[in-house]
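The values are calculated or read from the model by the stated rules, or taken from the named source; none is laboratory data. Since the model is a prediction, treat every value here as computed from it, not as a measurement. Cβ placement follows ideal geometry from the backbone for every residue including glycine, while neighbour counts extend to all protein chains displayed. Surface areas here come from the heavy atoms of the whole protein model, side chains and all, with no ligands, DNA or RNA. Shrake-Rupley method; radii C 1.70, N 1.55, O 1.52, S 1.80 Å.
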Amino acid sequence: MAKISASVYTSHVPAIGAALDLGKSHEPYWQPLFKGYDFSKQWMKDNKPDVIFLVYNDHATAFSLDMIPTFAIGTADSYAPADEGWGPRPVPDVEGHADLAWHIAQCLILDDFDMTIINEMDVDHGLTVPLSMMFGQPEKWPCKVVPLAVNVVTYPVPSGNRCWALGEAIARAVESFPEDLNVQIWGTGGMSHQLQGPRAGLLNREWDNRFLDLLIGDSDAARWIPHIEYLRETGSEGIEMVMWLIMRGALGKSTRCLHRHYHIPCSNTAIGHIVLEPEG
Ligand SMILES: [Fe+2]
């Protein structure tokens with residue numbers, strides 16, 4: 001049977017992708033940020049999954065104000081890197097796992113989650129930057145990916161509790177897939193950041209780190225954080241962190257933290273990164 005073996009959480013700031021693609025990752029500004037991923041890159045080499053269930057958000061690239069699916073699962077065989085205005089990132093196409101994706105889509109819909117099914121889409125930095133952070137710049141991504149795009153761009157976005165419950169349902173779905181597959185679930189986005197308005201540039205180290213503490217611990221208190229708290233404490237784009245609760249919900253009651261990294265600033269955001277294993 002398939003099994004979720006671990007979880008990776010990371011910010012997906014587009015500037016990180018640009019720094020990698022333009023060969024700037026060794027510059028002094030970027031060094032402390034990338035250094036925090038050294039452990040994870042080695043750990044990933046030693047613990048490479050067959051499939052990554054990758055939770056991210058699209059930034060008005062594949063979707064727009066014309067269509068705003070709350071939860072959209074990708075069932076394609078492959079996904080091209082999107083052109084976000086300055087040409088697609090020079091990274092490989094992302095290979096999907098259609099059989100697993102359709103199985104999960106069926107399980108979730110029969111489990112009362114109203115998923116949107118996406119048979120064709122390009123993927124933006126929300127999905128490709130985390131792959132680059134964990135795998136570097138390979139000619140081909142070493143794992144297949146099932147993308148789950150979550151609307152955190154246009155209000156109303158899903159609640160933390162709904163995200164956590166979806167994570168629990170994803171775990172049940174993965175564990176009922178008959179093939180022996182090592183599956184990791186990744187969560188991307190966050191942490192505190194606001195890109196516009198009078199509070200642009202807002203960062204909140206204390207709140208971000210309390211959130212990481214909650215994810216690592218066995219408390220489910222994080223699922224009850226209201227939207228207004230994300231907005232007030234972490235800025236308008238900090239709401240991306242509700243996506244991390246999908247991953248945390250999928251890991252079960254207790255987790256073991258293998259690695260933790262937090263860095264301020266990256267562009268005008270706070271970078272957070274943790275690697276968790278389910279415990280027990
Ligand atoms: Fe984002």
Can you tell which of V157, V153 is within 16 Å of the ligand (Cβ to nearest atom), open to solvent by 10 Å² or more (accessible area, probe 1.4 Å), assigned to a loop (DSSP other than H, G, I, E, B) and closer than 19 Å to L215 by Cβ?
-> V157
Kindly establish whether D124 is away from the ligand (no atom under 16 Å from the Cβ), over 20 Å from N47 (Cα atoms) and either of a type in the set (D, E, K, R) or surrounded by 15 or more Cβ atoms within 10 Å (Cβ to Cβ) (or both).
-> no
Residues of the stretch 48-69 being assigned to a loop (DSSP other than H, G, I, E, B), away from the ligand (no atom under 16 Å from the Cβ) and either of a type in the set (V, I, T) or free of Cβ contacts under 8 Å to residues at least 24 places away in the same chain (or both), in sequence order, are D66
Can you spot a residue in the stretch 230-242 that is among the acidic types (D, E), open to solvent by 40 Å² or more (accessible area, probe 1.4 Å), farther than 23 Å from M44 by Cβ and in contact with a helix residue (DSSP H, G or I) (Cβ under 7 Å, 6 or more places away or on another chain)?
-> yes
Taking the stretch 214-257 and the residues there that are under 20 Å from E277 (Cβ atoms) and among the small types (G, A, S), the one that is farthest from the ligand (Cβ to nearest atom) would be S254
Name the pairs whose Cβ atoms lie under 9 Å apart, with the first residue in the stretch 5-20 and closer than 18 Å to D58 by Cβ, the second surrounded by fewer than 24 Cβ atoms within 10 Å (Cβ to Cβ) and of a type in the set (D, E), and 6 or more positions between them or separate chains?
-> P14/E84
